[in-house]
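Working notes, beginning with the structure itself.
Please treat every number below as a calculation from the coordinates, not as lab data. Here the structure is a predicted model, which is why all the values come from computation and not from measurement. Here the Cβ positions follow ideal geometry from the backbone for every residue, glycine too, while neighbour counts run over all protein chains shown.
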Amino acid sequence: MADFHTSTHRANWIFSPQELVEKYKAANQRAIQTLEKYGTTQMEVDADGSLSYPEPIARDNADKHSRPKPLNIEEEQFMRVFYENKLREVCSAFYFPNKIQATALIYFKRFYLQWSVMEHHPKHIMLTCVYAACKIEENHVSAEELGKGISQDHQMILNYEMIVYQSLEFDLIVYAPYRSVEGFVNDMEEFCGVKDDENQMLKDLQETARLEVDKIMLTDAPHLFPPGQLALAALRNANEMHRVLDFEGYELILARQNSKHTILQLIESLDAIDAWVRKFKFPTEKDMKHINRKLKSCWGHSSHDDSKKREKKRHKSHKSLNEAHNGPTLA
């Protein structure tokens, strides 16, 4: 019988809702204090995992209104969710197996339990988590290949690698709900006494459950419930569509064989996971434009700086074009 507790999962990565809120608050508050002290939240990261800040700045009350405004907790959540989705797109673009995407996503989520998105850009962390997941899942792709494939500097990936490992406390073996879904489906085959000609029903159930897990993984539920319970919640929803088995009877047998929780506690957990999926919100394009503006401001990049960069780029392109027509000139 499959275990919905997944006891091999380290308990210190599962939190109560209040503990999770406190973690997000602490990271956000630290970034705000950094912004006050240094005028920027962006850190320089070296390949050995060491961090450095710019020199503290002296402020007076006169420039109080011109100070950059930090992201709030909801804006940080939107930023994380946006890049969690991007992480999936990167894995799909490289045709990585599902286990790499799942591992990278869990790394990414756990990294931002320790840090604010204002301190480390999610784009950099996302790519480094994909790179680290490829290593741990023995599907090695070089940083150069990964960077080149999505037009990013591979040195950035290498620089962030150590701080990602440190933030994960070097706990790199993770258990995703996808594997638990497979275990439960094998278990259900025996529970239902499925005949050979009925196997397709269980395959359909498993595929729908996998899509349900995709939804769950973008929420905070993986920080709050073990993988086995996430998988069961996904299978329960999938079964409502396919009607393959008596799910309540299956839950009852599970609860009897796993004495840590009663059937009521199990159902309460599955209902709570469903609630996380129902209240999930993906940021709109307008949300992301607003958040990106604030984030650039926190890093000391103003929209004026961006327009100057664009102008400089246009000027450089124009100059290159003239040189191509006229040949190099001597100063």
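Which entries of Lys69/Lys281; Lys37/Lys109; Lys25/Lys279; Lys37/Lys148 have Cα-Cα distances beyond 25 Å here?
On the way: Lys69/Lys281 23 Å; Lys37/Lys109 27 Å; Lys25/Lys279 20 Å; Lys37/Lys148 36 Å.
Correct reply: Lys37/Lys109; Lys37/Lys148.
What is the distance, in nm, between label points placed 7 Å from the Cα along the Cα-to-Cβ direction at Lys289 and at Glu89?
In this crude label model, Lys289 to Glu89 measures out at 1.7 nm.
Counting other Cβ atoms within 10 Å of each Cβ, which chymotrypsin sites (Phe, Trp or Tyr not before Pro) in the stretch 170-210 have at most 12 and sit in a DSSP loop? It would help to have the intermediate numbers written out before the result.
Working: sites: Phe170, Tyr175, Tyr178, Phe184, Phe191; in loops: Phe170, Tyr175.
Sparse-neighbourhood loop chymotrypsin sites (Phe, Trp or Tyr not before Pro): Phe170.
Can you give me the distance in nm between label points at Phe15 and Ser151, each placed 7 Å from the Cα along the Cα-to-Cβ direction?
In this crude label model, Phe15 to Ser151 measures out at 3.6 nm.
Each residue of the stretch 225-240 in order: what ³J(HN,Hα) in whole Hz does its phi give by Karplus 6.51 cos²θ - 1.76 cosθ + 1.60, θ = phi - 60°, with x for Gly and Pro?
Whole-Hz 3J(HN,Hα) from phi for the stretch 225-240: 9, x, x, x, 6, 4, 5, 5, 4, 5, 5, 4, 5, 5, 5, 4.
Calculated FRET efficiency, Lys279 and His242, Cβ-Cβ r, R0 25 Å, to nearest 0.05? Numbers along the way, then the final one.
On the way: r = 25 Å, r/R0 = 1.00.
Here the calculated transfer efficiency is 0.50.
Filter the GluC sites (Glu not before Pro) in the stretch 63-167 to those in DSSP coil with at most 11 other Cβ atoms within 10 Å of their Cβ, and list the result.
Working: sites: Glu74, Glu75, Glu76, Glu84, Glu89, Glu119, Glu137, Glu138, Glu144, Glu145, Glu161; in loops: Glu119, Glu137, Glu138.
Hits after loop and neighbour filter: Glu138.
Under a point-charge model restricted to the Cβ atoms of Lys and Arg (+1) and Asp and Glu (-1), what is the dipole moment magnitude of the stretch 36-167 relative to its Cα centre, in debye to the nearest 20? Each step should come with its number before you reach the end.
On the way: 14 positive and 19 negative charges, 82 e Å.
Dipole of the stretch 36-167, to the nearest 20 debye: 400 debye.
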